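**Student:** Encoded as structure tokens, here's the structure I'll be asking about.
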Ligand code: GAR
């Protein structure tokens, strides 16, 4: 049976688009059942609507606490029988309660080679630091920021003539390649978590 996916996005949604396009090409054993955003102006919501995907948008300000906000999300996801949460530029930290409810069923994409350059300005941080190699990480989400078991990593080289903008482009290109792949592996039950390691079961 196809896995039901919820994509969480706060902004532009290019990773959401990459997954939509990948599914459109036909090989993924999953479907995006809903797109969730905490930001009603997120372009990701427009992308979802264009593809007739259900959208849900909630503002943290309408809830007494982040825990209540996340428990409401969990309730919606359960009623939709969601198998996998895909964080794609979702800029809120998940509460431990939501992470526990969907243990090992949440993945995130991060624009650096974790554990380097955690946080929200990773591309800029890596560029300014002067590293020669940065990259992209897809990982499962646990209760700690940018720390869960790593599913896929891909290096991106920073050349002498790279600007911040050209580096951003390179990173995004790699993101759009590897995130759909990680989602596909999950949907095919090929990811096995052993301690901190994620093993890819061969098909
Ligand atoms: C992506 O580069 C993603 O790696 C990053 O936000 C961008 C969202 O782009 N996520 C983080 O920095 C999480 N810490 P998108 O909205 O075009 O997919």
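**Student:** What does the convex hull of the alpha-carbon atoms of region 160-203 project to on average, in nm²? Could the numbers behind the result be given before it?
**Tutor:** Working: hull surface 18.2 nm².
The number I arrive at for region 160-203 is 4.6 nm².
**Student:** Same structure again: How much of the calculated P(r) for the chain lies past 27 Å, in percent of all Cα pairs? Show your work: numbers first, answer last.
**Tutor:** Numbers: 5652 of 20503 pairs.
In whole percent, the long-distance tail amounts to 28.
**Student:** What percentage of all Cα-Cα pairs in region 107-203 are separated by more than 20 Å? Don't jump to the answer; show the numbers that get you there.
**Tutor:** Numbers: 1729 of 4656 pairs.
Cα-Cα pairs in region 107-203 separated by more than 20 Å: 37 percent.
**Student:** For n ≥ 4 DSSP H runs only, could you compute -39500 (n - 2.57) per run for the chain, divide by its residues and tell me the 222 nm figure to the nearest 500? Working shown, then result.
**Tutor:** Numbers: 6 runs with 71 residues, N = 203.
That calculation yields -11000 deg cm²/dmol at 222 nm.
**Student:** Return one number: the angle in degrees, 0 to 90 and rounded to the nearest 10, between the long axis of the Cα atoms of helix 14-24 and the longest principal axis of the Cα atoms of the chain.
**Tutor:** That helix lies at roughly 70 degrees to the long axis.
**Student:** Sticking with this structure for a sec: Between rounded, prolate and oblate, where does region 1-102 land on the alpha carbon gyration tensor, with a ≥ b ≥ c its root eigenvalues, rounded for a/c under 1.5, else prolate if a/b exceeds b/c? List each step's numbers first, then the result.
**Tutor:** Working: a/c = 2.11, a/b = 1.39, b/c = 1.52.
The shape class here is oblate.
**Student:** Once each part is reduced to its C-alpha centroid, what is the distance from region 58-123 to region 1-46 in angstrom?
**Tutor:** Region 58-123 and region 1-46 have Cα centres separated by 14 Å.
**Student:** Now for a separate question. Relative to the longest principal axis of the C-alpha atoms of the chain, give the angle of the C-alpha long axis of helix 66-79, reported between 0 and 90° and rounded to the nearest 10°.
**Tutor:** 70
**Student:** By its C-alpha gyration tensor, with a ≥ b ≥ c as the square roots of the eigenvalues, how is region 82-139 shaped: rounded for a/c under 1.5, else prolate for a/b larger than b/c, else oblate?
**Tutor:** prolate
**Student:** Relative to the longest principal Cα axis of the chain, at what angle does helix 164-187 sit, 0 to 90 degrees, rounded to 10?
**Tutor:** Tilt of helix 164-187: around 50 degrees.
Every number here is computed from the coordinates shown, using simple stated rules; none is lab data. Note that this is a predicted model, so its numbers are computed, not measured.
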